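Take a look at the structure set out below.
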Amino acid sequence: MDNGNVLLALLLTLFAGLSTGIGSAIAFVAKRTNTKLLSLSLGFSAGVMIYISFVEIFPDARHAFIGKYGEFNGTLFTLISFFGGMMLIALIDKFIPSAENPHEMRSVEAMNNEKKAMNFRKLYRLGITTSLAVAIHNFPEGIATFMSAMKDPSLGIAIAIAVAIHNIPEGIAVSVPVYYATGNRKKAFLLSFLSGLAEPVGALMAYLLLMPFLTSGNVDLVFGAVMAAVAGIMVFISMDELLPSAEEYGEHHLAIYGLTGGMAVMALSLLLIG
C-alpha cells in the first residue's frame, strides 16, 4: 500500500471535517445568509457526489466483484453493498431527533430568532446535542472520503470538497446556539471545530480495521465492498440532505443548476484526468 496515498487520504478527510469551522466563522460575521450561493453550492456538492457514485465508484466496485464471482453474483454483491451503505446512513438519521439533526438546515437569521424564543440553557443544550449529531453524521462521511482517496486521489479530492461544502451549514448549526447561550465566541467556534474531527476519526478507524485486509490478497474485494457502500452513502446524503436543503435555501432552479454544474465539472475532470 502506498503510504503517500494514506497520508493524502487522511489530510483530505481532515480538511473536509474541519470545514465546520468555516461555517462557524461565517455565522459570527454574516448578518444574513447568502441563500442563493448556498443553494448553488449544496446542489453542486450533490451533483459531484451523485455523478462520482454512479459513473466511477459503483462500476469500479462491480468490476472488482465480477472478476471474482462472475456477472450475476458480482452484480448482486455490489448491490448488497450499495444498499447496505444507504441503510447505514439512514439508520443514523433515524435515531437522531430532527430538532438536533444538523441536516435540518437553518439560516443565520433563523438561528438568531431562536435566541429570542429560547432561554440560554435550552440554547446551550441545543448546541451541544447538535455538535454530537454532527459528529455522528460525519463519521461515515469520513470513511467515504478516506476510502475514495485511497482508491483514487483525484476522486478523493473531489469528494472532500463536496463534503466540505455541505459541512459549512453544520458549523453554523453548532456554533450559533452555543455562542448565544454563553456569549463566548471561542467556545462556540471550538465546539463546532471539534465536531468536525469525527470525519478524520472515521478515516482512522477505517484504516485500522481494514488494514489487515488491504495488505492481503483480497484487497480488490475489500475495496469493492467498501466503495459500493460509499457510493450508497453519498447518493443517500445527496438525496436526503443536500438537494432538499438546496431547494429550502433557494429557488428550485438554482438547486438544479448547481446539481448540473457539479456533474458537468466532474465529467470534464474525469475526462481530462483519464
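Of the numbered criteria (1) crowded, with 24+ Cβ neighbours inside 10 Å; (2) within 14 Å of the chain's Cα centre (by Cα), the one SER131 fails is (2). Looking across ALA206, ALA246, ALA188, ALA264, one residue alone is under 20 Å from PHE82 (Cα atoms), of a type in the set (Gly, Ala, Ser) and either at pLDDT below 85 or surrounded by fewer than 17 Cβ atoms within 10 Å (Cβ to Cβ) (or both). It is ALA206.
Quick check on this structure: which one of SER45, SER24, SER41, SER81 is in contact with a Gly (Cβ under 9 Å, 6 or more places away or on another chain), modelled with pLDDT of 90 or more and assigned to a helix (DSSP H, G or I)? Among SER45, SER24, SER41, SER81, only SER81 is in contact with a Gly (Cβ under 9 Å, 6 or more places away or on another chain), modelled with pLDDT of 90 or more and assigned to a helix (DSSP H, G or I). Can you find a residue in the stretch 95-107 that is assigned to a helix (DSSP H, G or I) and modelled with pLDDT under 90? The answer is no, given that none of the residues of the stretch 95-107 is assigned to a helix (DSSP H, G or I) and modelled with pLDDT under 90. Look at the stretch 234-260: where a residue is touching a residue at least 60 places away in the same chain (Cβ under 8 Å) and of a type outside the set (Ser, Thr, Tyr) and a partner is part of a loop (DSSP other than H, G, I, E, B) and surrounded by 22 or more Cβ atoms within 10 Å (Cβ to Cβ), sitting 6+ places away or on another chain with Cβ atoms under 7 Å, you get GLU248/MET105. Beta carbons closer than 7 Å, at least 6 apart along the sequence or on distinct chains, pair a first residue in the stretch 47-70 that is of a type in the set (Lys, Arg) with a second that is at pLDDT 90 or above and buried (at least 22 other Cβ atoms within 10 Å of the Cβ) for ARG62/THR78.
When you look at SER175, is it closer than 20 Å to SER131 by Cβ and in a helix (DSSP H, G or I), yes or no? Step through it out loud before you land on a result.
Working: closer than 20 Å to SER131 by Cβ: yes; in a helix (DSSP H, G or I): yes.
Answer is yes for this residue.
The values are calculated or read from the model by the stated rules, or taken from the named source; none is laboratory data. None of the values given here were measured: they were computed from a predicted structure. Backbone-built Cβ (ideal geometry, glycine too); neighbour counts: all protein chains shown.
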